[in-house]
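Contents: one structure, followed by commentary.
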Amino acid sequence: MLCASLLLLMHCMVSLRRRIKKLASKMVITSGNEEDKGNQEKESKEETILAMLGIIGTILNLIVIIFVYIYTTL
């Protein structure tokens, strides 16, 4: 059961990474100002980093929950 949960978790991570990459490639900058383009690119990069940190945090929380469950059932 633990292996199946981890495999499902890894599958979800891979699919989320693919979606984030697709989203990043589909984003279009519509502003004509160079400064706005730089700000939008910076914000896009920040959003991607925050999304990845959120995913990593969620995975770490799930791992802690699994280990606590295993420890308490022994």
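Give me the residue from region 37-57 that is surrounded by fewer than 13 Cβ atoms within 10 Å (Cβ to Cβ) and of a type in the set (V, I, T) and, out of that set, farthest from V14 (Cα to Cα).
So, considering only residues that are surrounded by fewer than 13 Cβ atoms within 10 Å (Cβ to Cβ) and of a type in the set (V, I, T), the one farthest from V14 (Cα to Cα) is I49.
List every residue pair whose Cβ atoms lie under 7 Å apart, where the two residues are 6 or more positions apart in sequence or sit on different chains, the first residue falls within region 38-51 and is among the polar types (S, T, N, Q), and the second residue, located anywhere, is surrounded by 14 or more Cβ atoms within 10 Å (Cβ to Cβ).
T48/I20
Which of the residues belonging to region 64-74 are surrounded by fewer than 13 Cβ atoms within 10 Å (Cβ to Cβ) and assigned to a helix (DSSP H, G or I)?
Within region 64-74, V64, I65, F67, V68, Y69, I70, Y71, T72, T73 qualify.
Any read-out appearing in this document is the output of simple, stated calculations on the displayed coordinates, not a laboratory observation. Because the structure is a prediction, the values reported are computed rather than measured. When we count neighbours, we look across all protein chains shown, and the Cβ atoms used for this are built from the backbone with ideal geometry, even at glycine.
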